[in-house]
Amino acid sequence: MTHKAYCKQFQVPLDGSLNLADIDPDFKGHHENKAAVQDEIACYAKRMQELQYLLYAENRRSLLIVLQAMDAAGKDGTIRHVLGYMNPQGCRIAAFKVPSVEEAAHDFLWRVHRRAPARGEVVVFNRSHYEDVLVTRVHKRIEKKIWQARYAQINAFEKLLTENGTHILKFFLHISADEQLQRFHKRIKDPARHWKISESDYSERQYWENYQQAYTDTLNRCNTEQAPWYVIPANHKWFRNLAVSRIVVETLEGLNMQFPEAHVDIKAIRRKYHRLANGHE
């Protein structure tokens, strides 16, 4: 079940040498098509359910999954087709959009920390605190010295979380500009997807290269052994799902979680059950 090669293959190097331009978003390994991996993805989905249940029962640590991507790269699809198999009782989704008036009145990490996972929980960030070193940088909403300082602040924040039992996985879903345009076209053709369309989808494309540079810098500057970044080739949605599910499963398996001991006398409970089952009150 464990495929450590995927973690190694897609993890951003810790030496700061990542260049997004060198990574092929069309990569799909040795797999030919979606049909070839359906059984494997289903297997990982089942294993993910088991491991999440164990995390919830153990109630000692938590898992934070961060999803970042260009528009239409598949953040929602990843949540639905991969992480959607988790039990909602122990899993939350937090989406970060334009800050509210209250949120903007605090430091940029305030709204994020409030939604970090509690012990036993899995929380998925659909966009995250990284928007504050990406969008703000590209659109020059803050000074360079401010967004540069935020790299260290983010690293310190994530270090705080990990030191208190939160395991962090950060995924950048990597698509090409051509693939993004094709997905925009599919949205236009499909009435069920019209609600996803916004003017910014197209206006933001003029900043494509700026975003690629901003992401490259962010992935290099905010990549640590405790809170690693993974660049997932995402032109093929099915390969994206396979890669993310493998890495999540391997991470949870690596925690060596154990079910907690019972808080009651199981032998006494078992005797009582047998008496009731046999009609003896």
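Data for the structure
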| item | result |
| --- | --- |
| Helices (runs of 4 or more DSSP H) completely within the range 56-133 that count 2 or more residues being free of Cβ contacts under 8 Å to residues at least 60 places away in the same chain and of a type in the set (A, V, I, L, M, F, W, C) | 101-104, 110-113 |
| Subset of the range 235-280 (residues that are of a type in the set (A, V, I, L, M, F, W, C), part of a helix (DSSP H, G or I) and either within 30 Å of residue 8 (Cα to Cα) or touching a strand residue (DSSP E or B) at 6+ places or on another chain (Cβ under 7 Å) (or both)) | 238, 239, 242, 243, 244, 247, 248, 249, 252 |
| Residue 72 being of a type in the set (A, V, I, L, M, F, W, C) and surrounded by fewer than 18 Cβ atoms within 10 Å (Cβ to Cβ) | no |
| Verdict on residue 204 being within 19 Å of the chain's Cα centre (by Cα) and among the acidic types (Asp, Glu) | no |
| Close pairs from the range 226-242: first touching a residue at least 40 places away in the same chain (Cβ under 8 Å) and crowded, with 24+ Cβ neighbours inside 10 Å, partner among the acidic types (Asp, Glu) and outside any strand (DSSP E or B), Cβ under 7 Å, at least 6 apart | 242/40 |
| Test: residue in the range 4-23 that is over 25 Å from residue 225 (Cβ atoms) and outside any helix (DSSP H, G or I) | no |
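This table checks each residue for (1) surrounded by 14 or more Cβ atoms within 10 Å (Cβ to Cβ); (2) touching a helix residue (DSSP H, G or I) at 6+ places or on another chain (Cβ under 8 Å); (3) closer than 27 Å to residue 212 by Cα.
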{"site": "11", "(1), (2), (3)": "yes, no, yes"}
{"site": "24", "(1), (2), (3)": "no, no, yes"}
{"site": "49", "(1), (2), (3)": "no, yes, no"}
{"site": "55", "(1), (2), (3)": "yes, yes, no"}
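Computed from the coordinates by the stated procedures, all read-outs in this text should not be read as laboratory data. The structure presented is a predicted model; accordingly, all values stated were derived computationally and were not measured. Note that each Cβ is placed from the backbone with ideal geometry, even for glycine, and that neighbours are counted across all protein chains shown.
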